[in-house]
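Structure first, commentary second.
The values are calculated or read from the model by the stated rules, or taken from the named source; none is laboratory data. What you see is a predicted model; the values in this text were computed from it and never measured. Note that each Cβ is placed from the backbone with ideal geometry, even for glycine, and that neighbours are counted across all protein chains shown. These area figures cover heavy atoms from the full protein model, side chains too; ligands, DNA and RNA do not enter into them. Shrake-Rupley method; radii C 1.70, N 1.55, O 1.52, S 1.80 Å.
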Amino acid sequence: MIPPRLKFTGKDLKVLDQRLLPDRVHYLTARNAKETAAAIKDMALRGAPLIGCAAADGFALEMRRLRPSSSEELGRLAVKTADLLKAARPTAVALFYAADRMLSRALQFAAEHPGRFPPADREKFLKLAEREARLITAEDEAACLAMGRHGAALLPKNCVVMTHCNAGALATMGIGTAVGVITTAHKAGKVKHAYSCETRPYLQGARLTIWELMREGVPSELITDNMAAHIIKTCGVNAIVVGADRIAANGDTANKIGTYGLAVIAKHHKIPFYVAAPTPTVDLKARSGDDIVIEERSCGEVTFVKGKRIAPKNVRVRHPAFDVTPASLITAIVTEKGAIRRPTAASVKKHLAS
Ligand code: MRU
């Protein structure tokens, strides 16, 4: 079993500190939106769907902390809270989806209860906000199970599968997206072997994904990122499954840096390349991958490993944390609704409307 990633108590949010995994299972406490945003920014929790669930919880906590005297003030504070949460990280659209969904609940309540904000209204609103946050988590859990089923059905028997970064239970409130596909297929007896790329520089594959696969009993091995092409060519890899942080309207997909390279290798070797992500990952405002903001993280994450410098002092470094895989390299995007094969703007639109 993977330990709970988030525990919402109503008074605070206990966050499994993923920076300490796999060595220690330790929870930190976030009591408001600022502390939740800091936990997201500092990577105590990460993974697109999980960031969204945490943002919803952080929003609900902040609403309990604040004491607006009028609905107008509630509206202003709700906008400020959503903005604070959305500033934590720029690429995963789940964060924006959850914060905006909580915000629209607050604004709707404020519009329906104009004027003074008496204690009875406050209690009513807090219940509503907490219910919405719980719903966002429940929807994520259910989406993971459905993606697991749809994705596992696409994998061949005796599958040798590769994944990148961590799109597992640790990245969601459910069984995970890409890793959920692998563990579901494993339970159905379809997985011969799984490879987890270590995912430099933050090592989500080495610290988190292989840990999850081992705990779930999936026969698996960890490889460094630069081994991927060789392993695909020589070890019978017949599918790659990854998660997504944001999918543009035309199917272009932003995911952890290194994903695009794997898709290119998959194309060369004529093996399917699957993206598993819940529908809120699709950002229709982004017409193509060019419209997706790619987070640039600190140089220190590249030049230091576990506090030890591995490159010359004052070296110039680039650290884009995500890349965009063009839709043309994606065999199918698997959502909770099923698979979008050979995604295009038209098929993505049709799928969302279905
Ligand atoms: O920087 P991270 O660890 O938040 O990046 C995570 C990923 O890129 C995952 O692949 C993605 O969020 C999908 S998670 C189900």
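Scanning segment 49-61 for residues that are open to solvent by less than 10 Å² (accessible area, probe 1.4 Å) and within 7 Å of the ligand (Cβ to nearest atom) gives a single hit, ILE51. Of the residues GLU35, GLU73, the single one that is farther than 24 Å from ALA138 by Cβ, among the acidic types (Asp, Glu) and open to solvent by 20 Å² or more (accessible area, probe 1.4 Å) is GLU73.
Determine if segment 103-124 includes at least one residue that is away from the ligand (no atom under 16 Å from the Cβ), outside any helix (DSSP H, G or I), open to solvent by 70 Å² or more (accessible area, probe 1.4 Å) and polar (S, T, N, Q). Looking for residues that are away from the ligand (no atom under 16 Å from the Cβ), outside any helix (DSSP H, G or I), open to solvent by 70 Å² or more (accessible area, probe 1.4 Å) and polar (S, T, N, Q), one finds none in segment 103-124, hence no. Filtered by the rule that a residue be assigned to a helix (DSSP H, G or I) and either touching a residue at least 40 places away in the same chain (Cβ under 8 Å) or of a type in the set (Phe, Trp, Tyr) (or both), segment 90-102 gives VAL93, ALA94, LEU95, PHE96, TYR97, ALA98, ALA99, ARG101, MET102.
Per this entry, MET173 is counted among residues that are in contact (Cβ under 8 Å) with a residue 12 or more places away in the chain, under 23 Å from LEU61 (Cβ atoms) and not assigned by TED's automatic domain parsing to the domain that holds GLY58.
Only residues that are away from the ligand (no atom under 11 Å from the Cβ) and of a type in the set (Ser, Thr, Tyr) were counted across segment 150-201, and they come to 4. Taking segment 3-19 as the range and being open to solvent by less than 70 Å² (accessible area, probe 1.4 Å) and touching a residue at least 24 places away in the same chain (Cβ under 8 Å) as the test, the residues that pass are ARG5, LEU6, PHE8, GLY10, ASP12, LEU13, VAL15, LEU16, ASP17, GLN18. Looking across segment 157-188, the residues that are among the aliphatic types (A, V, I, L, M) and in a helix (DSSP H, G or I) come down to ALA169, LEU170, ALA171, ALA178, VAL179, VAL181, ILE182, ALA185.
Can you find a residue in segment 189-206 that is in a strand (DSSP E or B) and either at pLDDT below 95 or surrounded by fewer than 23 Cβ atoms within 10 Å (Cβ to Cβ) (or both)? Yes, some residue in segment 189-206 is in a strand (DSSP E or B) and either at pLDDT below 95 or surrounded by fewer than 23 Cβ atoms within 10 Å (Cβ to Cβ) (or both).
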